[in-house]
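These notes are about the structure you will find just below.
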Amino acid sequence: MRGKKAPKRKIQPDIRYSNVNVEKFINYLMVGGKKSVARGVVYGAFDIIKDKTKINPVELFDKAFKNISPVMEVRGRRIGGANYQIPVQVRTERRFLLSARWLIEAAQARKGRSMAQKLAEELMDAANQTGAAIKKKENVHKMAESNRAFAHFAR
């Protein structure tokens, strides 16, 4: 590794809800530098959530992310010519990244509606412990649990 590590950037909270995690999610959702489009999708999804559930959308957003966030994941490691899947704990920043990635993928996989509607439905499903993003988290946890025998290889 050459040079020094890039400094961690401070993200400003989003415009409407003054929440840093909402702004991070908007940044993950953004494609090709079109932040206004990503904001429109997220805020549209939040408006749909507010209309359907009468709950504060930021609270539902936080609850959904808490439900999706993985605690353990597997990392591949080569030991003595064999590759082992070693279960490791997930750092806090990576938890949010994985949750956002899984939520966006699950919303994009839904068909036939606008992205705001798909995202709103996926957020509501995640808050209720259902949906494709929750299924992905459970699969990751199952992999970590089934490879628990190799945990002693972790540093």
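Taking one quarter of the surface of the C-alpha convex hull of the stretch 20-153 gives a mean projected area of 9.4 nm².
Sparsely packed loop sites in the stretch 86-147 (the trypsin sites (Lys or Arg not before Pro) outside DSSP H, G, I, E and B with at most 10 other Cβ atoms within 10 Å) comprise R91, K111.
The order of the peptides 49-58, 124-133, 7-16, 80-89 by mean Cβ neighbours within 10 Å, most packed first, is 124-133, 49-58, 80-89, 7-16.
Distance between the pseudo-spin-label points of R113 and V31 (7 Å out from Cα toward the beta carbon): 1.8 nm.
A cut-off of 5 Å between modelled amide H atoms, ignoring neighbours fewer than 5 places along the same chain, links R75 with I86, V88.
Compared with the alpha-carbon gap, the fully stretched path from V88 to R9 is longer by 25.9 nm at 0.36 nm per residue.
In a reduced charge model with +1 at each Lys and Arg Cβ and -1 at each Asp and Glu Cβ, the stretch 60-104 shows a dipole moment near 100 debye about its Cα centre. Between the residues V58, I26, Q12, the greatest Cα displacement towards the positive end of the dipole of the stretch 1-58, with unit charges on the Cβ of Lys, Arg, Asp and Glu, is found for Q12.
Taking every alpha-carbon pair under 8 Å whose residues sit at least 6 apart, the stretch 8-155 reaches a relative contact order of 26 percent. Using a cut-off of 24 Å between Cα atoms, the listed pairs K54/K118; K50/K111; K4/K136; K10/K34; K63/K118; K35/K118 include K4/K136 as exceeding that distance. Length gained on full extension, K63 to H141, computed as 0.36 nm times the residue gap minus the Cα-Cα distance: 26.2 nm. Starting from the 7 Å offset along Cα-to-Cβ, what nm value, one decimal, do you get for the label separation of F150 and R77? Label-label distance for F150 and R77, simple model: 1.0 nm.
Net charge near L29, counting Lys/Arg +1 and Asp/Glu -1 over other residues with Cβ under 13 Å of its Cβ? Here the count lands on +2. Charged side chains reduced to their Cβ positions (Lys and Arg at +1, Asp and Glu at -1) give the chain a dipole of some 800 debye around its Cα centre.
We did not get these values from a lab; they are worked out from the coordinates using the rules stated. Owing to the predicted nature of the structure, the values given are computational and were not obtained by experimental measurement. Here Cβ is always computed from backbone atoms with ideal geometry, including for glycine, and neighbour counts include all displayed protein chains.
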